[in-house]
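What follows is one structure encoded as structure tokens, with my remarks underneath.
Each value in this text was obtained by applying a stated rule to the coordinates, not by laboratory testing. Every value quoted in this text rests on a predicted model; they were computed, and no experiment measured them. FYI the Cβ positions are ideal-geometry reconstructions off the backbone, even for glycines, and counts take in every protein chain you see.
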Amino acid sequence: MCHATNQMSRAIALFNQAGGVGKTTITQNLGYQLSTRGHKVLLIDLDPQASLTTFMGIDPDSLDKTLFDTLVNEEPLFILPSLHGMALAPTNITLSAAEIQLVNLDFREVRLSEALDRVRNDYDFILIDCPPSLGLLSYSALVGATHVLVPIETHYKAFQGTNLLLQTVAKVRKRGNPKLQIAGFVPSRYAASNSQDKRTLKAIQAQLATVGTVYEPIPRLTAFVDASEEQVPLAVYDPKHPVLKILDQLAQQMEQLNAS
Ligand SMILES: Nc1ncnc2c1ncn2[C@@H]1O[C@H](COP(=O)(O)OP(=O)(O)O)[C@@H](O)[C@H]1O
Ligand SMILES: [Mg+2]
């Protein structure tokens, strides 16, 4: 596989096969923070449910070109160049058809990576919002990524899928992408007032620290839901919101990652 010549271009897959754990929210808001810190950012919406596309203010059904064309027809990535200071490769429900059609196509698991190779030099950070599954789309994201960042809910169910998730990362490292690095875990939707959340956070910190950095938790806040309903990043919805400090700190930590 031919990888980036831009050594500092990092492609981070936001990956967890569980749904509703904050992947899309963190993709959008981390991307926004990185862009305000002066980085060129491309967001990739790899979930057929198109939440990221919607959160960014685009009607998925209005799109003539999507990731379907890239993955199935091997066209260059279709990119909307400027949404809240970021670029977006949008998607819609046709991506679920792509996942089925890809099963019969050659080099299916490297198609996303190869499409990314054509644009890696144009961006400092590429954030890939994975679907809630361990299927071909998520696998493609891990093959094309330099790093995987795992949002993990501070809920008792948090550990249920973690082994499977880490096994998938290990499998990709062995076969498709030996250079894939674990950027770490972002505890998400954390309610500090809830004793179960507190216990789970401690367990996440104790058990996953050996695997990767466990970052500061993202609190559970209705402001995130409100911002997504307004189809804007939280920083646009409420520029003075205190949680932006945590997101900015996470962005700073992503700047420390090395792409090899
Ligand atoms: N920190 C948070 N606090 C409160 N609600 C959140 C938070 N993060 C995400 N949400 C909400 O939870 C739902 C699922 O989040 P989402 O980012 O779409 O998860 P995923 O992409 O993992 O399925 C969305 O309605 C979103 O607005
Ligand atoms: Mg999502």
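Some notes on this structure:
- Compactness index (Cα Rg / 2.2 N^0.38 Å), segment 209-260: 1.36
- Residues Asn73 and Asn194, FRET efficiency given R0 of 51 Å [Cβ-Cβ distance, rounded to 0.05]: 0.60
- Taking Cα centre as origin and charging only the Cβ of basic (Lys, Arg, +1) and acidic (Asp, Glu, -1) residues, the dipole magnitude of segment 10-255 rounds to 1180 debye.
- Full extension of the segment from Val236 to Asp106, taken as 0.36 nm per residue of separation minus the current Cα-Cα distance, would add 42.6 nm.
- 11 Å cut-off, amide nitrogen to a point 7 angstrom out along Met8 Cα→Cβ, residues in segment 224-260: 255-256
- For segment 10-255: span of alpha carbons on each principal axis (Å, largest first): 50, 39, 29
- Rounded to the nearest 500, the helix-only mean residue ellipticity at 222 nm of the chain stands at -11000 deg cm²/dmol, with each DSSP H run of n ≥ 4 adding -39,500 (n - 2.57).
- Extension gain (nm, one decimal) between Glu255 and Ala206, 0.36 nm per residue minus Cα-Cα: 15.2 nm
- Summed over all non-identical Cα pairs, the Kirkwood treatment of segment 94-202 gives a radius of 15.6 Å.
- Fraction of beta bridges assigned by DSSP in the chain that are antiparallel (%, nearest 5): 5
- Positive end of the dipole of the chain (Cβ unit charges, origin at the Cα centre): among Asn177, Ala50, Leu88, the Cα lying farthest that way belongs to Asn177.
- Distances between every pair of Cα atoms in segment 158-260, grouped in 10 Å steps from 0 to the bin holding the largest one, split as 13, 35, 35, 17, 1 percent.
- Built from the Cα atoms of segment 1-128, the convex hull projects on average onto 7.6 nm², one quarter of its surface area.
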